[in-house]
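Here the structure is laid out as structure tokens; the discussion comes afterwards.
The values are calculated or read from the model by the stated rules, or taken from the named source; none is laboratory data. All values reported here derive from a predicted model rather than from experimental measurement. Note that we place each Cβ from the backbone using ideal geometry, even for glycine, and neighbour counts take in every protein chain shown.
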Amino acid sequence: MNDVPARRRVGVAVNPTAAGGRGLDTGRFVAARLRSAGLDVTDLTGRDAVDATARATTAVRDGAVDALVVVGGDGMVHVGVQAVAGTGVPLGVVAAGTGNDFAAAHRLPVRHAETAVEGLLAALATGHVRPVDAISVTGPAGGRWVAGAVSAGLDAAVNQRANTLPARVPARYALSALAEIAGFRAWAYDLTFTGVVAAGDLPLAPGPDDTARWRGRAALVTAANIHRIGGGIRVAPDARTDDGLLDVVVAPVLTRAAAATIFPSMFSGRHVRRRDVHVVRARAVTIAAAGPGPDVPGPRATGHHAAADLPLAHGDGEALGPLPVTARAVPAAVLLLATPGAPSGSVAAAP
């Protein structure tokens, strides 16, 4: 926990569609409460996520705000991180969305706006912040910051499908998971890790400059900064946001039956106990599609996906673009507004 000068000028960005359309009311409450405490509040809510990101980024860059508060779910955290990562401007989160994985991972109030805003006021008054890691992602679509996890396998495919469904569809993530598992075929990956500190039983080939490589077919490839994604899926139960490392979960699973058993166990985190699931702890990973070779049979030989069929990489539930992408843990990239005595790191529930 660190101290910074008290913050008086606060930007507030709201997702008006969060919580079934109640996000706008929550945002108004938050802004009004901050103003009643004597703070200078600037509304940075945009027409959409792109506009909100542009507004927030400009306000931070121009020095117009001393802190940024986002109101919504993980999508709004994603917006906030684009604006503040690496700038020293603190980020406050009022978790009012559907998944709220980032807030839950850091033991922030979830769907309790009153409690959340009082905590923010205390942090703003005292200058208490918690430095947390973020993921710097680069790829063909450009650079992006990710707060939670970068997905490039089955979970990315589920996310991609879910994002095509109207927000009002109940359990759209679960429905998308069932559809993806029903049509599951493993994808071929070429993974290059940098700064590996633990690899489990995944056979890595040593490379130059502190790198290691794995090629093969897998159902799941996720580089996690926090322990949960997708509204409570404990994809990386031991991931922390204060260690400068990614927990890269790799599941070299080739059958639909195996994939169908792995996905449900991810809700509890028990999947990491399986022999066909591996967690590599490293500073960075490059995730690329692998062409056929001795260690990766072609799709015609296996009935599995061709490289062109890989889902888009996703981060914080948002599409990042096609592979290859490089995900790198950046220590203390975000200063999270937190009350004194709040726990540090991403708090993982034991599987």
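Residues that are more than 25 Å from His106 (Cβ to Cβ), in contact (Cβ under 8 Å) with a residue 60 or more places away in the chain, out of contact with any Leu (no Cβ under 6 Å at 6 or more places or on another chain) and not basic (Lys, Arg) occur at least once in the range 215-235. Here Ser268 fulfils each of the conditions (1) in a helix (DSSP H, G or I); (2) in contact (Cβ under 8 Å) with a residue 24 or more places away in the chain; (3) small (Gly, Ala, Ser) apart from (1). A residue that is part of a strand (DSSP E or B) and either touching a helix residue (DSSP H, G or I) at 6+ places or on another chain (Cβ under 8 Å) or of a type outside the set (Phe, Trp, Tyr) (or both) can be found somewhere in the range 13-23. Kindly indicate which of Ala122, Ala104, Ala141, Ala113 is in contact with a helix residue (DSSP H, G or I) (Cβ under 7 Å, 6 or more places away or on another chain) and either of a type in the set (Val, Ile, Thr) or surrounded by fewer than 23 Cβ atoms within 10 Å (Cβ to Cβ) (or both). Step by step, each of Ala122, Ala104, Ala141, Ala113 is checked, and only Ala113 is in contact with a helix residue (DSSP H, G or I) (Cβ under 7 Å, 6 or more places away or on another chain) and either of a type in the set (Val, Ile, Thr) or surrounded by fewer than 23 Cβ atoms within 10 Å (Cβ to Cβ) (or both).
For the range 168-185, indicate whether the set of residues that are touching a strand residue (DSSP E or B) at 6+ places or on another chain (Cβ under 8 Å), among the aromatic types (Phe, Trp, Tyr) and either under 25 Å from Thr286 (Cα atoms) or part of a loop (DSSP other than H, G, I, E, B) (or both) is non-empty. For the range 168-185, residues touching a strand residue (DSSP E or B) at 6+ places or on another chain (Cβ under 8 Å), among the aromatic types (Phe, Trp, Tyr) and either under 25 Å from Thr286 (Cα atoms) or part of a loop (DSSP other than H, G, I, E, B) (or both): absent.
Checking every residue in the range 241-248 against the condition of being in contact with a Lys or Arg (Cβ under 6 Å, 6 or more places away or on another chain), assigned to a loop (DSSP other than H, G, I, E, B) and either among the aromatic types (Phe, Trp, Tyr) or touching a residue at least 40 places away in the same chain (Cβ under 8 Å) (or both) gives at least one match. The condition of being out of contact with any strand residue (DSSP E or B) (no Cβ under 7 Å at 6 or more places or on another chain), under 20 Å from Val325 (Cα atoms) and surrounded by 21 or more Cβ atoms within 10 Å (Cβ to Cβ) holds for Ala157. Condition first: outside any loop (DSSP other than H, G, I, E, B), touching an Asp or Glu at 6+ places or on another chain (Cβ under 8 Å), basic (Lys, Arg) and not assigned by TED's automatic domain parsing to the domain that holds Phe29. Can you find one or more residues in the range 155-165 that meet it? Yes; the residues of the range 155-165 include at least one that is outside any loop (DSSP other than H, G, I, E, B), touching an Asp or Glu at 6+ places or on another chain (Cβ under 8 Å), basic (Lys, Arg) and not assigned by TED's automatic domain parsing to the domain that holds Phe29.
On inspection, Thr261 passes the criterion of being outside the structural domain of Val81 (by TED's automatic domain parsing), in a helix (DSSP H, G or I), over 21 Å from Asp101 (Cβ atoms) and of a type in the set (Val, Ile, Thr). Within the range 1-55, the set of residues being modelled with pLDDT of 90 or more and among the acidic types (Asp, Glu) comprises Asp40, Asp43, Asp51. Screening Val137 with (1) modelled with pLDDT of 95 or more; (2) assigned to a helix (DSSP H, G or I) gives one miss only, at (2).
Inspect the range 191-204 for any residue being buried (at least 20 other Cβ atoms within 10 Å of the Cβ) and touching a Pro at 6+ places or on another chain (Cβ under 7 Å) and give the result as yes or no. No; the residues of the range 191-204 include none that is buried (at least 20 other Cβ atoms within 10 Å of the Cβ) and touching a Pro at 6+ places or on another chain (Cβ under 7 Å).
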